[in-house]
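Undergrad: Can you keep this structure in mind? I'll have questions shortly.
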Amino acid sequence: MKKNSNTLKFKSSINNDPEINSIGKTISFFLILLLTFGMMYILNKNTHFTSDDFRYHFMYESFMPTDNVERISSFSDIIKSMYNHYFMWGGRITAHTLVQFFLMFDKQFFNIINSIAFVGLATLIYLHSNVSKKINIPLLIGIILSLWFFLPQFGLTILWVSGAGNYLWCTLIILLFLLPYRKHLENENYFKDSVLNFIIMIIIGFLAGWTNENTGGAMILLTMLFMAYYKFTNIRIPKWAFSGFFSGSISFGLLALAPGNNARKEYLVNKTVDIFKNIGNVFGTSFTLMFGLTILLLVVLAFFLITNNNIQLINKSLTISFMYVLSALAGIVVLVVSPQIPARTWFGPIVFVIIAIGNIYSNISIDFKSLHIILAVALIGFTIKFAYSYNTAYKDIVKTYKSINTQISTINTEKENGNLDIEIKNIPKVQSEYNAFRGSRYISDDKESWINKWMAKYYDVNSIIGVD
């Protein structure tokens, strides 16, 4: 009996050892990120190029391919291409520089680095949300599940090379830029006010401001809100905060004023902006995309208010979350003046709202047994739902992938036989929002369409059309 008693005490001491618990949580944290990487890699690996990917393999010279257009083969080519792009198509230089850089290499390079980027996005959201140094495993799982269920047009913003460059990667840069501002609220020595950091923030701020219109603008607003918060709470405003803000504002101005923005209107279906129609579209799309996220925000907020009686903590947490939500709303409202409003433009604002929810959640005091049970049941339920959703998406993506493999085999066979005017069978109808071919332009029955022309150029044939 004495031996059993000693064994129980030993086990109890292990379970209550903070150092052992911390190591276990750290291992779990990185295993979850590794698993996330693996799942994203599988989806990336089974996604072919689509839509603008074919165009951005080449130097940008015009909307349609020219006879002598050359493939991108060096960073100097990208610089020349982006110069043309800025004056002829649009000002998203950071985004499309990344896209053309990825497309210089074999697709496998993108599969790996893009999967890492998704993990990086989840990690940065976690760092923006979790103000304490303690590892919060439920928060990390919740963030990853939120990205899967709430990000708009997942296939077009995460798996499509051109879409990922514009949304996943640009949001990653923006969150990296904003992280020192967020951490400065908790620790004024987190990012020292040095000359080096002053310069670093100029560089990152310039890249972040030149990403995309609505999220770049939301980022500028959020930096202003951070500095206003410093001022009103007597937190020292570091010099790097100003250098980052001004640098980001300048590059955002270059983005917004790009001559290519007007030149591109020639090719748009809607060449003018109908403000009243856009207001309805923005409201309707926001309701569709953010209803579930809003419910989650309200539920987490309710638990936070019920479990906390620290007025100072409540005020601080809600103020910080409000800053992210307000910036997200600004990024949405500005869309009413845009000639095109695809659902994927909600990507950045939705990420900001996820951070706002995560920030409130990380401050919930989970000391009640009933709350532990509710949290565990919710996470298990959503994880099961995720597994089913992922499996469904995977099957649809693989189906498309195999169909395109057949198309490529047909193209290569026809070329070997000397036929450079090629017909290929169309891919089956795409079902899943997680498929990059749902909503992207791919081969049509019109050999003169821009996508057919660029695909013909990519595969080095005279013409190519899709047939049923």
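Undergrad: Among what's in the stretch 420-452 and is among the aliphatic types (A, V, I, L, M) and more than 17 Å from ASP468 (Cα to Cα), pick the residue that is most open to solvent (accessible area, probe 1.4 Å).
TA: That would be LEU420.
Undergrad: Working only within the stretch 121-141, note down all residues that are β-branched (Val, Ile, Thr), assigned to a helix (DSSP H, G or I) and open to solvent by 20 Å² or more (accessible area, probe 1.4 Å).
TA: THR123, ILE137, ILE141
Undergrad: Within the stretch 417-468, can you find the residues that are among the aliphatic types (A, V, I, L, M) and not in a helix (DSSP H, G or I)?
TA: Hits for the stretch 417-468 are LEU420, ILE422, ILE424, ILE427, VAL430, ALA436, ILE443, VAL461, ILE464, ILE465, VAL467.
Undergrad: Right, something else. Do we find that PHE58 is open to solvent by less than 50 Å² (accessible area, probe 1.4 Å), under 23 Å from TYR442 (Cβ atoms) and in contact with a Gly (Cβ under 9 Å, 6 or more places away or on another chain) in this structure?
TA: no
Undergrad: Also, quick follow-up: Report whether or not GLU414 is over 23 Å from ILE72 (Cβ atoms) and in a loop (DSSP other than H, G, I, E, B).
TA: Considered against the rule, which asks whether it is over 23 Å from ILE72 (Cβ atoms) and in a loop (DSSP other than H, G, I, E, B), GLU414 comes out as no.
Undergrad: Looking only at the stretch 270-292, count how many residues are touching a residue at least 12 places away in the same chain (Cβ under 8 Å) and under 30 Å from PHE63 (Cα atoms).
TA: So the answer is 10.
Undergrad: Oh, and also: Which members of the stretch 142-157 meet the condition of being part of a helix (DSSP H, G or I) and either open to solvent by 10 Å² or more (accessible area, probe 1.4 Å) or of a type in the set (A, V, I, L, M, F, W, C) (or both)?
TA: Those that are part of a helix (DSSP H, G or I) and either open to solvent by 10 Å² or more (accessible area, probe 1.4 Å) or of a type in the set (A, V, I, L, M, F, W, C) (or both): GLY142, ILE143, ILE144, LEU145, SER146, LEU147, TRP148, PHE149, PHE150, PHE154, LEU156.
Undergrad: Suppose we keep only residues that are among the polar types (S, T, N, Q) and modelled with pLDDT under 95 within the stretch 337-375. Which one would you say is nearest to ALA256 (Cα to Cα)?
TA: If we take residues in the stretch 337-375 being among the polar types (S, T, N, Q) and modelled with pLDDT under 95, then SER338 is nearest to ALA256 (Cα to Cα).
Undergrad: Looking at (1) part of a helix (DSSP H, G or I); (2) closer than 26 Å to SER338 by Cβ; (3) aliphatic (A, V, I, L, M); (4) in contact (Cβ under 8 Å) with a residue 40 or more places away in the chain, which is the one condition that is false for VAL325?
TA: All conditions are met except number (4).
Undergrad: Taking the stated definitions as given, is ASN417 open to solvent by 60 Å² or more (accessible area, probe 1.4 Å) and touching a Leu at 6+ places or on another chain (Cβ under 7 Å)?
TA: When the stated conditions are applied, ASN417 does not pass them.
Undergrad: Considering only the stretch 294-314, state which residues are within 15 Å of SER146 (Cα to Cα) and open to solvent by less than 50 Å² (accessible area, probe 1.4 Å).
TA: Matches in the stretch 294-314: LEU297, VAL300.
Undergrad: Does ILE158 count as touching a residue at least 40 places away in the same chain (Cβ under 8 Å) and closer than 23 Å to PHE102 by Cβ?
TA: Yes, satisfied.
To keep it simple, each residue is scored yes or no on (1) under 30 Å from LYS183 (Cα atoms); (2) surrounded by 19 or more Cβ atoms within 10 Å (Cβ to Cβ); (3) in contact (Cβ under 8 Å) with a residue 24 or more places away in the chain.
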residue: ILE332; (1), (2), (3): yes, yes, yes
residue: ILE360; (1), (2), (3): yes, yes, yes
residue: ALA378; (1), (2), (3): yes, no, no
residue: SER403; (1), (2), (3): no, no, yes
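Undergrad: So which of PHE118, PHE110, PHE105 is more than 12 Å from the chain's Cα centre (by Cα) and open to solvent by less than 10 Å² (accessible area, probe 1.4 Å)?
TA: PHE110
Undergrad: While we're here: Out of the stretch 74-89, which residues are in contact (Cβ under 8 Å) with a residue 60 or more places away in the chain and surrounded by 20 or more Cβ atoms within 10 Å (Cβ to Cβ)?
TA: If the condition is that a residue be in contact (Cβ under 8 Å) with a residue 60 or more places away in the chain and surrounded by 20 or more Cβ atoms within 10 Å (Cβ to Cβ), then HIS85, TYR86, TRP89 are the ones that fit.
Undergrad: PHE105 versus (1) modelled with pLDDT under 95; (2) of a type outside the set (Val, Ile, Thr); (3) outside any helix (DSSP H, G or I): which is the lone unmet condition?
TA: Unmet for PHE105, out of (1) modelled with pLDDT under 95; (2) of a type outside the set (Val, Ile, Thr); (3) outside any helix (DSSP H, G or I): (1).
Undergrad: Can you name the residue in the stretch 251-272 that is open to solvent by 90 Å² or more (accessible area, probe 1.4 Å) and in contact with a Lys or Arg (Cβ under 9 Å, 6 or more places away or on another chain) and is also modelled with the highest pLDDT among such residues?
TA: Among them, the one singled out is THR272.
Undergrad: Going by what's in this entry, would VAL325 be described as modelled with pLDDT of 95 or more and either touching a strand residue (DSSP E or B) at 6+ places or on another chain (Cβ under 7 Å) or open to solvent by less than 40 Å² (accessible area, probe 1.4 Å) (or both)?
TA: Judged against the criteria, VAL325 is a match.
Undergrad: Something else now. Please tell me if THR233 is β-branched (Val, Ile, Thr) and either at positive phi or out of contact with any helix residue (DSSP H, G or I) (no Cβ under 7 Å at 6 or more places or on another chain) (or both).
TA: Yes, satisfied.
Undergrad: Determine which member of the set ILE137, ILE112 is within 27 Å of SER28 (Cα to Cα) and touching a Ser or Thr at 6+ places or on another chain (Cβ under 6 Å).
TA: Checking each option against the conditions leaves just ILE137.
Undergrad: Taking the stretch 451-468 as the search range and keeping residues that are of a type in the set (A, V, I, L, M, F, W, C) and modelled with pLDDT of 95 or more, which one is farthest from ALA393 (Cα to Cα)?
TA: Within the stretch 451-468, the match that is farthest from ALA393 (Cα to Cα) is VAL461.
Undergrad: Looking at (1) under 30 Å from the mean Cα position of the chain (by Cα); (2) open to solvent by less than 70 Å² (accessible area, probe 1.4 Å), which is the only condition TYR394 fails?
TA: (2)
Undergrad: So, ILE366, is that one closer than 30 Å to PHE304 by Cα and outside any helix (DSSP H, G or I) or not?
TA: In short, yes.
The values are calculated or read from the model by the stated rules, or taken from the named source; none is laboratory data. This is a predicted model, so every value here is computed, not measured. Neighbour counts run over all protein chains shown; Cβ positions are idealised from the backbone, glycine included. Remember, those area values only see protein heavy atoms, side chains included, never the ligands or the DNA or RNA. Shrake-Rupley method; radii C 1.70, N 1.55, O 1.52, S 1.80 Å.
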